[in-house]
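A short write-up of the structure that comes next.
The values are calculated or read from the model by the stated rules, or taken from the named source; none is laboratory data. Just so it is clear, the structure is predicted and the values come from calculations on it, not from any experiment. For neighbour counting, all protein chains shown are included, and Cβ atoms are generated from backbone atoms with ideal geometry for every residue, glycine included.
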Amino acid sequence: MKRIGVFVCSCGSNIEGAVDVCKVVEAMSKEPYVVYAANCKYMCSSSGQELIGKAAAEYELTGIAVCSCSPRMHEATFRKAAASAGLNPYKVEIANIREQCSWVHKDTAEATGKAITLAKAAVSKLCRDEELYPQSFPVTKRALVIGGGIAGIQTAEDISNAGYKVDIVEKKPSIGGKMAMLDKTFPTLDCSACILTPKTVDISHNENVRIFSYSEVESVSGYVGNFTVKIRRKARYVKEDLCTGCGLCAEKCPTKNVPNEFDLGLGSRSAIYIPFAQAVPKVAVIDPDSCRMLKDGKCGLCSRVCGAKAIDYSQKDEITEEKYGAIAVATGIDPIDVTPFDEYSYKNSKDVITALELERILNAAGPTNGRLVRLSDGIRPKTVVFISCVGSRCTEEDERGKTYCSKICCMYTAKQAILIKEKYPDTDIYVFYIDVRAPGKNFDEFYRRAAEKYGVKYIKGMVGKVCDENGVLTVKAADLINNEQMMIGADLVVLAAAVEPDKTAKALASKLNASIDGNGFFNEAHPKLRPVESPTAGVYLSGACSGPKDIPETVAQASAAAAKIIGLLSKNTLESDPCTAHADELKCSGCSLCANVCPYNAITYIEKEFRMPDKTVKIRRVASVNAAVCRGCGACTVACNNGAMDLHGFSREQILAEVDSICS
Amino acid sequence: MQLNGYKPKIVAFCCNWCSYAGADLAGSSRFTYPDNVKIIRVPCSCRVDPVFILRAFGGGADGVMICGCHPGDCHYTSGNYHTRRRMKLLFSMLDYLGIEKERMKLIWISASEGEKFASAATDFMNTVARLGENRRLGDLRCKSKTEQN
Amino acid sequence: MKNIVSREEIIEMSGTDPAKCMKCGKCSASCPAYDEMEYPPHRFVYMIDQGNIGPLLECVGIYRCLSCYACVDRCPRGVEPAKLIEAVRVIAERKKEGNRIKAGELFEKADADMPSQAFSAAFRKYTK
């Protein structure tokens, strides 16, 4: 038998001022199932909550309707009060008679009438409330970080410092990411390797951290707190635990002319190689596409010279399975391919390079040992032209470029211009720009320094064409201030290529059930208020995987993601909101309509045995909602053709009861 | 609010995260709107089943408002897109049933648009009042009950 | 008489650095004589920064500048375009033939009401 108590709040004079609360109490006490109705000055005060407790005990209430302010304000308060009175906290309904009644309607009779209607609607919904219990499930106290660039390293470091275990999965043979390739960093001109190397070394010695380098995420299953991840450990053909990183194998390897990925193909490496001097882990790796032994079975020189006996030509990819409570995505960004931009002659001329290539050239450990030279003839360029926004800020129709601003190009262009001017002050440098965007601490000052102190010529306008005639570059550009076209003879042209998400991001997103935007960047749970969380519970976004970012911003986001993960891992169990969808298996036809609209992929299908009236057993495919993943939006409830899906807390019956109550 | 002695009944479905909060803001900013607009809270506008709307019209409602987050702002990322499609279909069905399309309105109201909620409710109320009582789909049993009251 | 005027010469005369310009256009937006100039203030500054001073010496804009200093007052980066225009104007004047004011004439022309600064300024401006 339903026994309902109605509590009408006066909220001082806030409600009483426009609503005749006594009339509301009187009207409600006549409603079916209502055994108790009372008024209180402040329901949210401790005396108001005591009143709920006393009435619940005295009248053996089974449900509580509170006519008060917005449920967004005090629903939690009254649920707690109900729980301490021994009721199920979900047997509480609130009629919003303050924000949506007394505050917006001046006429007492009208406002009182509406308050009674709202209260009746709340009671009719309450009559159909079920007792709900949050599900609790354990949390695996280990985090996975996908990507070993500066973002992944920072996230892993912060999580491990809080005492939790972390694994880093990096697809390349060494961690360090893009930052390891840079020469200097803006706006302080710190040496990139000098500030990164201590971090990579520390993380490799951190006992809470395991690094799976040269590995990729194969598949992900489970949900927040309980992910199971299969990791493919690609064959290195070198035993990681035995290799000392001495480099003798690379020295002796007869195949020397393989383009070096780390130098973007500007330099060469051997078939067995250590990616760069500060690589972590400092372990050699064999490139099976160029190794003579693996291709033809003839050579084996590295195996003979290796004192540690680490070479193993028979190694195969291995799959390891690990359990995690949280996953951080730190896949970062890559420069786009600029070859489709024919007008800049990148394909035709060796002296038209991308900014990241210039970064390697300027780097002392790079292919030219830090000397700025033209790749075509080895001569130092006297006139350097930088072109900004190559592939950034294009229209959606332009397939070559991206619609967004890549954010970092203005600053690295200013940095590279300064670096060249510092080393070779007699170099003439032109920067063609659409806008110079330098929002950041000391960023605008830095760019102005390039223009004012170093005399870098910033010209507002874009380059229309770079002509390469017999090795002589001519840049044809617009000078919008002078309103004229200009031709510059250049020795070197540097393209500030737009950045895009890493190539693996899209496939990874589908493995994680995390959503990505039209550009392939990971979506945030909320773009302003939850920037480091993915809409998929338990998946966090670290660094530039959610949009172009510079190093300081990446590190800040990486630490923020770590803080969120630490918060999750610090819990022994997670409780899910019980207001989730559920399928009526008898009505479900297994049609998949609900799963198609679910934004969280919370719905899966199971084969279930049903005992039919004629005693036979039939196996049918039915929907099953994972309550830990479902957030209770209700999209599936409407999509279902059979009415099999319903939502706890906002069931079809409840909403229809409210509709009927308001319309009657 | 009354027009020629006739007081239309309006049901407004508001999503919990944007529109319901917008209606709350209309309250705390004291933007008044007609008292015959009564709000039903739903987690997301995509929880609004066309059945609810038809039931409201059947039960004697003269107008139904569905309020959700602005496209792209949905708390559940894509819910309001589903709403937009479903309501588009429902609009054409209402036409078929002989219910004026103007009796139903889909509107995006964010949590910061209290004034927009109040003015949208008022405008909708005036539109519905001009159309007069909703006689189609009205359940005779409901009607007689109303008269008894 | 030098035919080529360098950027550095103008910087020295005006005491202001055109490289500080960030091309926002506020000087031109503030200029009351904008419509009568071939090279509005922002372009004037830009051309000086590029060392392209020849056309500036020939233009009538340097005489249309009212020296109201609105541009100097409003420039967010302290470029002081009016001072650059002033410097070009002085150079253009000096390039014209002869000294139009001789030192000896100064005293004759002196007027008790005229501030002595005006004399020294005119002397500086109209003398090689």
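The rows are residues; the columns are (1) among the hydroxyl-bearing types (S, T, Y); (2) buried (at least 21 other Cβ atoms within 10 Å of the Cβ); (3) not in a loop (DSSP other than H, G, I, E, B).
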{"position": "A:I488", "(1), (2), (3)": "no, no, yes"}
{"position": "A:A496", "(1), (2), (3)": "no, yes, yes"}
{"position": "A:L508", "(1), (2), (3)": "no, yes, yes"}
{"position": "A:K511", "(1), (2), (3)": "no, no, yes"}
{"position": "A:A544", "(1), (2), (3)": "no, yes, yes"}
{"position": "A:P548", "(1), (2), (3)": "no, yes, no"}
{"position": "A:A556", "(1), (2), (3)": "no, no, yes"}
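Considering the stretch B:42-59, the residues that are more than 7 Å from every other protein chain (Cβ to nearest Cβ) and in contact with a helix residue (DSSP H, G or I) (Cβ under 6 Å, 6 or more places away or on another chain) include one that is surrounded by the most Cβ atoms within 10 Å (Cβ to Cβ), namely B:S45.
Within the stretch A:369-389, which residues are more than 13 Å from A:Y430 (Cα to Cα) and assigned to a strand (DSSP E or B)?
The answer is A:C389, and nothing else.
Taking the stretch A:320-347 on its own, how many of its residues are over 13 Å from the mean Cα position of the chain (by Cα) and β-branched (V, I, T)?
The total comes to 4.
Residues in the stretch A:60-95 that are under 26 Å from A:S576 (Cβ atoms), in a strand (DSSP E or B) and within 12 Å of chain B (Cβ to nearest Cβ): A:E93, A:I94. So, A:A561, is that one touching a residue at least 12 places away in the same chain (Cβ under 8 Å) and in contact with a strand residue (DSSP E or B) (Cβ under 7 Å, 6 or more places away or on another chain) or not? When the stated conditions are applied, A:A561 passes them. Restricting A:A271, A:A326, A:A279 to residues that are in the same structural domain as A:G177 (by TED's automatic domain parsing) and without any contact (Cβ under 8 Å) to a residue 24 or more places away in the chain narrows the list to A:A271.
Listed here are the residues, each with its yes/no results for (1) within 13 Å of another protein chain (Cβ to nearest Cβ); (2) part of a loop (DSSP other than H, G, I, E, B).
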| position | (1), (2) |
| --- | --- |
| A:K618 | no, no |
| A:V622 | no, no |
| A:A627 | no, yes |
| A:C633 | yes, yes |
| A:N641 | yes, yes |
| A:D646 | yes, no |
| A:F650 | yes, yes |
| A:V659 | yes, no |
| A:I662 | yes, no |
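Filter the stretch A:251-293 down to the residues that are part of a helix (DSSP H, G or I) and surrounded by fewer than 19 Cβ atoms within 10 Å (Cβ to Cβ) and list them by number.
Here is the first cut: in the stretch A:251-293, the ones part of a helix (DSSP H, G or I) are A:251-252, A:292-293.
Result: A:E251, A:K252, A:R292.
Of the helices (runs of 4 or more DSSP H) lying entirely inside the stretch C:24-128, those containing at least 2 residues that are within 14 Å of chain A (Cβ to nearest Cβ) and buried (at least 17 other Cβ atoms within 10 Å of the Cβ) are C:26-30, C:41-49.
Going by what's in this entry, would A:A143 be described as in a helix (DSSP H, G or I) and crowded, with 22+ Cβ neighbours inside 10 Å? Let's see the steps before the verdict.
Working: in a helix (DSSP H, G or I): no; crowded, with 22+ Cβ neighbours inside 10 Å: yes.
Against the criterion (in a helix (DSSP H, G or I) and crowded, with 22+ Cβ neighbours inside 10 Å), A:A143 does not qualify.
Yes or no: the stretch A:607-624 includes at least one residue that is crowded, with 18+ Cβ neighbours inside 10 Å and touching a strand residue (DSSP E or B) at 6+ places or on another chain (Cβ under 9 Å). Yes.
Residues that are surrounded by fewer than 20 Cβ atoms within 10 Å (Cβ to Cβ), of a type outside the set (D, E) and under 20 Å from A:G366 (Cβ atoms) do not occur anywhere in the stretch A:198-220.
Out of curiosity, is A:E99 buried (at least 17 other Cβ atoms within 10 Å of the Cβ), assigned to a helix (DSSP H, G or I), assigned by TED's automatic domain parsing to the domain that holds A:I116 and in contact with a helix residue (DSSP H, G or I) (Cβ under 6 Å, 6 or more places away or on another chain)?
Working: buried (at least 17 other Cβ atoms within 10 Å of the Cβ): yes; assigned to a helix (DSSP H, G or I): yes; assigned by TED's automatic domain parsing to the domain that holds A:I116: yes; in contact with a helix residue (DSSP H, G or I) (Cβ under 6 Å, 6 or more places away or on another chain): yes.
Criteria met by A:E99.
Might you let me know whether the stretch B:60-73 holds any residue that is outside any loop (DSSP other than H, G, I, E, B), more than 9 Å from every other protein chain (Cβ to nearest Cβ) and more than 21 Å from A:A635 (Cα to Cα)? Yes; the residues of the stretch B:60-73 include at least one that is outside any loop (DSSP other than H, G, I, E, B), more than 9 Å from every other protein chain (Cβ to nearest Cβ) and more than 21 Å from A:A635 (Cα to Cα). If you check A:P578, A:P535, A:P527 for being within 14 Å of chain B (Cβ to nearest Cβ), over 12 Å from the mean Cα position of the chain (by Cα) and more than 30 Å from A:G471 (Cβ to Cβ), only one passes: A:P578.
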